[in-house]
Amino acid sequence: MNFKNFMLGRTKSDAVRGASEARDQAVVSYSAEANERSNKEMRRPCASLCYFGIYQPVAPRDKVYLDGLKERGLKVIECVDNSSGFLKFFRLWKKHRALAGRYDILWVGYLSTMVVPLAWLISSKKIVFNALDSWYDRSVIDREMYSRFSPKAWVVWLFDFIAFHLSDVVLLESEQQKIFISKKFFVNTSKLKVVFTGVNEAIFYPDLSVPKAKEFTVVFRGMFLPATGVEFVFEAAKILKDKGVKFIIIGWGEPILTKVKKMILESNLTNVTLITNFLSPDKLRETMLSANVMLGQFGNHKRLDRTIQNKNFEALALGMPLITRDSMSNRELLVDGVNCLFVPPENPKAIAEKIIAAKNFQSTLKSLPLSGRATFESRCSREVLVEVIQNILKTI
């Protein structure tokens, strides 16, 4: 090969190599720009979400968050259907089809575990599942609707398992619930986020215009479930029958209701007022505020070691002294002697002693509600909780 041909060959080779390098550089540059655009899109704050579920968002667990997000300018589109059987799935799919591309995040509502798989199938958006707890814990462990070894219990467990794994973020009520769900359903803790429930602040707020009852009064309100331990409240009422303490008990639920009615008759508990009918929100608030102390839950149930009951948030929001059972989950929010009074589970004597202590020591009656309300404002108010939610949404 002569020098001329050698140089021509080299020039062609250099040209090919140069073109190849230029092409590779362009690909790298394009990929970098694409990644940057993708990152910007990922960093774009959530401007709208689709509430997806089989219940209207009226429970505090959804309402508190969504109302707060709306106040901050986030658009909430509702896609809800509570038809019976499989019809609900078809109607949800049909309603959602009209919403495609109109929201940034899909929010599956509280108690809507069974529609998480449908949400995953029909939406390309990230899924936030506002679980609070597990369906299995609620229906099998707490309410004992099914035997733990029955086929229905296994179906419920499977729905929970699928829902937790298909969701991008799962919102839970407590750190103890997070530990339980991670172990029970083999879920990576990185997607489990703890957010307190809070209350509807249009209903539960301090109101000095509501007069206190003439006699020292304690109030209990809630469903009569195995975990509630309401029977121990009646036992405490029996102990304090002649001690100048009145009990207002608001609730319902068989078979415990029949049991406690029998207790009232057999023990002639004239210091107990049992209310089983529905009370309007205003009437409920006024009835609760007319009492001097609010009672929580007292059963010796494993579920109570994971939950923070709604009535705890209500007491803090109302600025009322609270007596409730000690638990690891309650300790995430409450401090004995500071913003509540703790008692051991299934101990009516301890409940009675704490009630008498609150009755006899006015300083306790004054300090507990002040500290409780301060706790609510700093950790459980809608403003605080929505800030937590928004920070979570920014990460997905």
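Structure data summary
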{"read-out": "When residues of region 144-157 are limited to those that are free of Cβ contacts under 8 Å to residues at least 60 places away in the same chain and assigned to a loop (DSSP other than H, G, I, E, B), the one surrounded by the fewest Cβ atoms within 10 Å (Cβ to Cβ)", "value": "Phe149"}
{"read-out": "Unmet requirement for Phe186, which otherwise passes all of (1) at pLDDT 95 or above; (2) on the phi > 0 side of the Ramachandran plot; (3) under 18 Å from the mean Cα position of the chain (by Cα)", "value": "(3)"}
{"read-out": "Checking Ser280 against (1) surrounded by 11 or more Cβ atoms within 10 Å (Cβ to Cβ); (2) among the hydroxyl-bearing types (Ser, Thr, Tyr); (3) within 17 Å of Ile203 (Cβ to Cβ), the condition it does not meet", "value": "(1)"}
{"read-out": "From Ile308, Ile275, residue being under 27 Å from the mean Cα position of the chain (by Cα), surrounded by fewer than 20 Cβ atoms within 10 Å (Cβ to Cβ) and hydrophobic (A, V, I, L, M, F, W, C)", "value": "Ile275"}
{"read-out": "Scan of region 274-306 for residues that are in contact with a Phe, Trp or Tyr (Cβ under 7 Å, 6 or more places away or on another chain) and charged (D, E, K, R), ordered by number", "value": "Arg285, Arg306"}
{"read-out": "Residue satisfying all of: in region 311-348; among the polar types (S, T, N, Q), in contact with a strand residue (DSSP E or B) (Cβ under 9 Å, 6 or more places away or on another chain) and outside any strand (DSSP E or B); surrounded by the fewest Cβ atoms within 10 Å (Cβ to Cβ) among these", "value": "Asn347"}
{"read-out": "Filtered residues of region 353-374 (kept if among the β-branched types (Val, Ile, Thr) and either closer than 14 Å to Cys340 by Cβ or outside any helix (DSSP H, G or I) (or both))", "value": "Ile355, Thr364"}
{"read-out": "Single unsatisfied condition, Met223 versus (1) surrounded by fewer than 19 Cβ atoms within 10 Å (Cβ to Cβ); (2) in contact with a Gly (Cβ under 6 Å, 6 or more places away or on another chain); (3) touching a residue at least 40 places away in the same chain (Cβ under 8 Å)", "value": "(3)"}
{"read-out": "In region 158-186, the residues that are over 23 Å from Leu333 (Cβ atoms) and touching a residue at least 24 places away in the same chain (Cβ under 8 Å)", "value": "Phe159, Asp160, Phe161, Ile162, Ala163, Phe164, Leu166, Ser167, Asp168, Phe185, Phe186"}
{"read-out": "Filter result for the condition that a residue is in contact with a Lys or Arg (Cβ under 6 Å, 6 or more places away or on another chain) and over 30 Å from Ala236 (Cβ atoms), over Leu132, Leu166, Leu172", "value": "Leu172"}
{"read-out": "Residue within region 211-220 that is crowded, with 18+ Cβ neighbours inside 10 Å, of a type in the set (Phe, Trp, Tyr) and more than 18 Å from the chain's Cα centre (by Cα) present", "value": "yes"}
{"read-out": "Selection within region 358-396 - more than 18 Å from Leu69 (Cα to Cα), surrounded by 14 or more Cβ atoms within 10 Å (Cβ to Cβ) and not β-branched (Val, Ile, Thr)", "value": "Ala358, Lys359, Leu365, Ser367, Leu368, Pro369, Ser371, Gly372, Arg373, Ala374, Phe376"}
{"read-out": "Options Leu265, Leu225: the member that is in the same structural domain as Ser329 (by TED's automatic domain parsing) and assigned to a loop (DSSP other than H, G, I, E, B)", "value": "Leu225"}
{"read-out": "Qualifying positions in region 192-210 - over 30 Å from Asn391 (Cα atoms) and under 16 Å from the mean Cα position of the chain (by Cα)", "value": "none"}
{"read-out": "Among residues of region 43-80, those that are of a type in the set (Lys, Arg) and touching a helix residue (DSSP H, G or I) at 6+ places or on another chain (Cβ under 6 Å), counted", "value": "0"}
{"read-out": "In region 112-137, residue nearest to the chain's Cα centre (by Cα) [restricted to those that are free of Cβ contacts under 8 Å to residues at least 60 places away in the same chain and more than 25 Å from Ser48 (Cβ to Cβ)]", "value": "Ser134"}
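The values are calculated or read from the model by the stated rules, or taken from the named source; none is laboratory data. Here the structure is a predicted model, which is why all the values come from computation and not from measurement. Every residue, glycine among them, receives a Cβ derived from its backbone with ideal geometry; neighbour counts consider all protein chains shown.
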